[in-house]
Structures are given as C-alpha cells and as structure tokens.
Amino acid sequence: MYKIIEKRTLAPGVHFMRVDAPLVARSAMPGQFIILRVLEEGERIPLTIADYDRTEGWVTIIFQEVGHTTGLLAELGIGDHILDFAGPLGRASELDRYSRVLCIGGGVGTAPLYPQIKHMHEAGTEVDVILGARSRDYILLADEIRRCCSRLYIATDDGSLGHKGFVTDLLKELVSGGERYDHVIAIGPLVMMKAVSALTREFMIPTTVSMNPIMVDGTGMCGGCRVTVGGKTRYACVDGPDFDGHLVDFDEAMRRQQMYRQEEKESHICRLPGMGGQVR
Amino acid sequence: MSVTYAKTPMRVQDPAVRRNNFDEVALGYTLDEAMAEAGRCLQCKKPMCVAGCPVNVQIPAFIKALTKGEFESAYNIINETNNLPSICGRVCPQEEQCEKQCILSKKGEGIAIGRLERFVGDGFLDNEEPANRALPSNGQKVAVVGSGPAGLTAAADLAKFGYEVTVFEAFHEPGGVLIYGIPEFRLPKALVKKEISKLKALGVRFLTNVIIGKTLTVDDLLEDGYSAVFIGSGAGLPRFLDIPGENLNGVYSANEYLTRINLMKAYDFPHSHTPVKHGRKVAVIGGGNVAMDAARCALRLGAEEVHIIYRRSMEEMPARAEEVKHAREEGIIFDILTNPIEILGQDGWVKGLRCVKMELGEPDESGRRKPVEIKGSEFGTDFDMVIIAIGTSPNPLITASTPDLKTTRFGGIMVDEATGATSKEGVYAGGDAVTGAATVIQAMGAGKRAALAIHRKLSEKACINFAVNLNAAK
C-alpha cells in the first residue's frame, strides 16, 4: 500500500499526487514511469513520474481523468492508499548530450517533461519550453518550469493564455526566426507529437517523443505496448518510452490506443447506477 | 496379485459444459479411485519413476503409504522433495517423466502418479502448519527474484534450511506463471494461493511490486545484506513471427492474452476492470501448452471457432497429449502443417490470416522433421483475432542491469547446471530465465538444486568464519 501524502487539483479533472514510495524514488530517473492499481479488481495503468525525492522517498504523478481507473484514482485523497505502485519502469531519458534544447509539452504531457527540464537545467543545458493546452486552466506547472528554463512560450487553443493556436505554430516561428536547437523533446497527445515530429523532420532537428501505450505488466512480458519505430517493432516499456519521433509510426500508435474503446463504453454504461454493474 | 494395465480414469467436466466455464476440467480422484490406482503400483525395488522425476519424489514410498491409508505420511514423503504437490500433480508432464519410466507402461499404462500426487496434495492444502517445519533462523538473508515455480521452490527449501528468505515479485500478486499464465480451468488460483500461504507460514517474506533490474538491482540486494540471490525471473519477452500485420488491433501475444484473463480476470469484465477482446473466430499460432491454454480461453470467452495453427504435424506438437485431447474434445480445430505468412487487416483490425501449407522434410537440429513450404499452396482464411504463442526470448531487465552476469548466446543467464551458480559470486539462477520456456517441474528442479548449492556455499563460509573466529579467540 502506498500512501498519498499530498493531493492537488491542477485543472478541472487534472490532479497532482505525491505518493510515499521510497523504493521507487530511490532509483527513479527522468523519463521513467510507474504502473499502479487502485483496487483489487482494478486495472494496471502506466503513469509517468512527474518528480521524485530520493531522501524523502516520494514520487509525484500528474494525471487526467480519462477513464475508469483514473476516475477511481481521482477519488482518493490525502492519507488514502494506492493498492499497488510499481516502478520505476522504462529507460531513463538521455538528457546529457545536448547544449540547447527545445521542450514541448502538451496537456498532461507537461508532467513527465518537467523532471527532464529540471535535470537539463541543473546540468547547465540551455532549455526553452513551449507549453500547449486547450485553455489557460490546462497549462500545467508553468511556474515551476519558468524557474528552470531560459524562455517559456505558451499556446492555447482558445487563446486564453499566450498564443492562440498550436505549439507547432510557436515551434515554426522560433525556428524560422533563426533560433537554433540541437534537440527537441516533445511529450503530449499522440497527435501533437506527430505534428511536432513532422515539422522538426523538415527542420532536420532530432526529436525525442515519449510513448504511453496500453500496457499490462510494464516489464516486457506482455508485448501489448508494441510501437513500430523505423519499421521495427519495439516495446515501449523496456525499449522506451522515449523514441525517435522521426521514426515512430504515430498512425499505428493512435489506432492501438483505441483498442478497448468499445469495452470502455460498455463498462461505462453498465457501471451506471441502476444497471446492476453487470453486462453478462 | 493380478496386474491391471489400465489407469483408473479420472472424472472430467463434460466438454460441452466446460467449454463455457473456467472451472477446473479434471476433477481429481475420489478416495476409492485413488486407492484402486495406488494398488496397481508394483513397488519396484529399483524404481525407474523416481529417476524420471526432476525433483526425485520418492514415488513408490508415497504410494505405499497411500495404500495403507497413511495419508499424512504420504504427504510428508512427497513434501520432502516437492513443495508444490497439488500444482505438480496437475501441470507436470508426467507422461514424459515419471509415468513414462513406470514398468507398467512397458505393457500398458503406467501408474497415474500425477493424479495420486494431486490427491495427496489436495488433502493437505488447508493445513496451515507446514508438514516440515523450518529450522530455527540462522540469521542469514537470501533474496529470491521471482515467485514462479523456480522461486517458490528455492524459497521453500532455503527457508527450511533456516535462511531468512525474501521473495521479490514484479507483479502485484505472487505466483508467476502459475498465476498469470496457466488458466483457472487447468490450475485453480485458490490452490496456488494456498501453496503460497504455506510458504508464508514457513517464514518466507513476499515483496510484490518490486522489479529487480529496475526498482532494485541484483547489486543493491547484495549490498543490502543478502548473502545470496537466486534469480527465477521466468520467461521474458514474447516472440512474434515477424510477418506483416502483427501490430493490427486484435493481435495478442499469448502472454498478454493469458495475463489479462488469468491475473487480471478480464473474463469478469467489467466487474474486473481489465478488458480483453472477445474474438468470434480466433487463430492461435503455435503448438505448445501455452497455445492450448490460449485457444481454450478464447473458446470460454465465447468464440464460435478457434483454430490452432501449427507448422508441423500432430506428432511434433510440444503440448501435452492430455491438453491436446482436452482441447480437441472442446471443439478446438487443429490446422496442422500450416504456416502463417501475413495477418490481414481492415481499418486497422484483424480480418484474416494468409497461410501456406507445409510438408515435413529432413530432421532439423531439434531432431524433429523440418517443415518445408509447399509452393503455390497459399490460402486466406477469415479471423477476427490472432494470438501468437510461439515462445519467448529472455527478458533483458536483470542482465542489462547486472553487467557481470554472463549470458548465453540466446540471452539466457549462464549457469553451472549442477548448482545454478552464475558468473557472479553469490548469484544463482534457474527456470525459464536460464533455459527459456520449459516446464514447471524443470524450474522447480533448478530452484531445488540452487537452494542446496546456496546452502552448501553459505554453510562453508559460516564454518570458515567460525574457525577463523575460534583461532582469533585463542
């Protein structure tokens, strides 16, 4: 059992939790993730580590209520326990070989990006950041990130904060305007990472994206998280989650993400009050 | 005494009924049936069956106790060398091991040793007090990585020798393949849980959600005060065929499919929150026990038609004869000498399979006749789900994080077969992590050998330390 020691709601349906998990914190690195389970009949879901403290023994996660499990997780509060919390999983991000990096975070994708920005900043890398979201409410961790980057740009779909439009607009503007980056790191919805990667391919800037596919064990055993990268099948859990954005087959990844959409709909209906919680 | 050459049959659930449920297929012997079967044993002076058992269960001795109605003594005899009789009685390939060696099998059917082992084991499942009590703690800690058959066996033996044993399990529940892989209808999970609770009663500590190689490394364990580490981390990454269409929606590895169903109880969705696709017409590729398990699960989840697609013939099929028989009775269709070359898709979902017919040629390095493609025999069949059950390759998590652990060219951990000792001091390994996919009992045998080797090594060290201290005191 893993105790929740802090919980905050960052935006409607987006929550931050600090979880007591000393063993995970002990070896966590930026870019890695955990797998959690909320209750006995619960599903195992992967969530990226947003921050950690080795000495205090905690790990933070930031998640959006998108399905049944994240909904159940959101119901937990300070002092409650998460049943299972395993990690850190995946490879740590390779962050120590760049001199000037542009980090692009979309929605809750900003959460896993934050420890990477922090790590690079502390190592003396110059980091510029673009954050994008639906509206200003969904721009996460802007204050924290501002403290550890050179310049922060913001884009919102509705124009409620920063540029009205997409992160790719800002990316294009910066690079066309003469800014030079030796690497781009993009984490966010698949459609955003796809658009960013298409653009950076044109600009010939190497780009890393972080994949978050459906998984069961997170240790390489199930193969459910397969991603096609450069024509080869890779496992996001053990080979990733970071991959070369120019080589990832995003269309396939988006399709695989939809695998259980029908089941999610059904389960939603039968979990409604009065339906007896049973389909069959 | 007249000799009976036929096994006492074991009752099974009617195939027409059981194909719709996850309840156990084989129902076990009644007391009378067990006594009748035990009575067939000739009590050979030089029992070949014992030599055929990877953990050398004293088979004639336990059967003799059984015939005398001394059940506890029968259990204790088995338990001396086998900590998991109820499990082995169900999933061991006895027909390839002990029963194959039985003298009766020369003229008829060998003794149903597995069924008797199951009968005896089941009678003591609820005994919380372990039959063999552990020695008092010797104060030394040993770490066991993985809680499948190899790890559980090593843990039990080490605990009995007096070590403080901690088992590290990556999943949220201990049991390894016994829990995530082998389905309920072949090995009820309640039974595995009881066997594990017996180990807990022996003082073995289980730490779930700890992934060795990630959460902690093998070196962390050695630094944290564990005198030895046994790695029984099991099968690794599922292998795929490397044919077009394998990443279509509706294609599963058998590992994923079975884990969703067995460990995550997806058959009970949405009460259990993990979903699994329900195929209408399902192709399972492969001919091992895992393929049979996956096929029979698909049937139980309501598939109208399930095909096993295997590139060799029935004779070469690695699955246990009993599993093939049960699958056939339930209506699984066997497409033998058939090799898939492409998974066909439509709108991103599985639509069918393109295969070629094969014929058997010369024997290959495995000694089995090599399947050769028949030119121009390509054909397509409609399927809406494909499950790939062609084995696994070793998991790199532990070897990648332990640089001084030598591996074989297949990526398995290199060990001395007799002791399980690896290239790294104090580190032992066994089971699928070493051999690649093998059987439960082989993994248990490896766990046993390693436990003994660890005990010898650590006692030797303790003796030397004692002598050194004694000299120093003088």
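Take chain B with all the other protein chains still there, run a 1.4 Å probe, and you get 41 Å² of accessible area per residue. In the stretch B:271-289, the residues that give up 20 Å² or more of accessible area when the other protein chains are added, compared with the chain on its own (1.4 Å probe), are B:His271, B:His273, B:Thr274, B:Pro275, B:Lys277, B:His278. Scalar couplings 3J(HN,Hα) for the stretch B:326-331, obtained by applying the Karplus form with A = 6.51, B = -1.76, C = 1.60 to θ = phi - 60°, are 4, 4, 4, 4, 7, x Hz; x denotes Gly and Pro.
For the stretch B:8-67, the fraction of 1.4 Å probe accessible surface lying on carbon and sulfur atoms is 59 percent. Taking each DSSP H run with n ≥ 4 as -39500 (n - 2.57) and averaging over every residue of the protein assembly as shown yields -9500 deg cm²/dmol at 222 nm.
For trypsin sites (Lys or Arg not before Pro), the sites in the stretch B:394-459 that DSSP calls loop and that have at most 13 other Cβ atoms within 10 Å are B:Lys406, B:Arg409. Counting only DSSP beta bridges whose two residues both lie in chain B, roughly 40 percent are antiparallel. Annotation: amide H of A:Ser135 within the under-5 Å range of A:Asp157, sequence separation 5 or more or interchain, hydrogens built in the peptide plane. For chain A, what is the accessible area per residue in Å² when the probe is 1.4 Å? With the other protein chains kept in place, chain A gives 42 Å² per residue.
The distance separating the Cα centre of the stretch A:63-114 from that of the stretch A:200-235 comes to 17 Å. For a quick check, take a GNM of chain A with Cα springs below 10 Å and name the residue from A:Val191, A:Val129, A:Val19 with the largest mean-square fluctuation. Result for chain A, Cα springs under 10 Å: A:Val191 fluctuates most.
Expressed as a whole percent, the accessible surface of the stretch A:100-257 that belongs to carbon and sulfur atoms is 50, based on a 1.4 Å probe. Rounded to whole numbers, the Karplus 3J(HN,Hα) couplings from phi for the stretch B:200-208 are 4, 5, 6, x, 6, 9, 10, 10, 8 Hz, using 6.51 cos²θ - 1.76 cosθ + 1.60 with θ = phi - 60°, and x at Gly and Pro.
Across the stretch B:87-96, coupling constants 3J(HN,Hα) worked out from phi with the 6.51/-1.76/1.60 Karplus curve, θ = phi - 60°, read 6, 4, x, 8, 10, 5, x, 4, 5, 9 Hz, and Gly and Pro carry x.
Taking amide hydrogens as placed 1.01 Å from N in the peptide plane, the amide H of A:Thr208 sits under 5 Å from those of A:Val184, A:Ile185, A:Ala186, A:Gly245, each at least 5 positions away in sequence or on another chain. In this structure, the amide hydrogen of B:Ile212, modeled 1.01 Å from its nitrogen in the peptide plane, lies closer than 5 angstrom to no residue at least 5 positions away or on a different chain.
Heavy-atom accessible area buried between chains A and B is around 4000 Å² (1.4 Å probe, both sides summed).
The 1.4 Å probe gives accessible areas that order B:Leu263, A:Leu76, largest first, as A:Leu76, B:Leu263.
The distance separating the Cα centre of the stretch B:412-457 from that of the stretch B:262-308 comes to 32 Å. In the stretch A:216-231, burial by the other protein chains removes 10 Å² or more of 1.4 Å probe accessible surface, compared with the chain on its own, from A:Val216, A:Asp217, A:Thr219, A:Gly220, A:Met221, A:Cys222, A:Gly224, A:Arg226. Modelled this way, with points 7 Å down the Cα-to-C-beta line, the labels at B:Glu304 and A:Glu266 are 1.6 nm from one another. Measuring against 31 Å, Cα to Cα, the residue pairs B:Lys100/B:Lys461; A:Lys118/A:Lys172; A:Lys265/B:Lys198; A:Lys3/B:Lys424; A:Lys172/B:Lys214 contain B:Lys100/B:Lys461; A:Lys265/B:Lys198; A:Lys3/B:Lys424; A:Lys172/B:Lys214 as the ones spanning a longer distance.
The values are calculated or read from the model by the stated rules, or taken from the named source; none is laboratory data. A quick note: this is a predicted structure, and the numbers were derived from the prediction, not measured. Cβ coordinates were reconstructed from backbone atoms using ideal geometry, including for glycine residues, and neighbour counts include every protein chain displayed. What goes into the accessible areas is simple: the full protein's heavy atoms, side chains included, and nothing from ligands, DNA or RNA. Shrake-Rupley method; radii C 1.70, N 1.55, O 1.52, S 1.80 Å.
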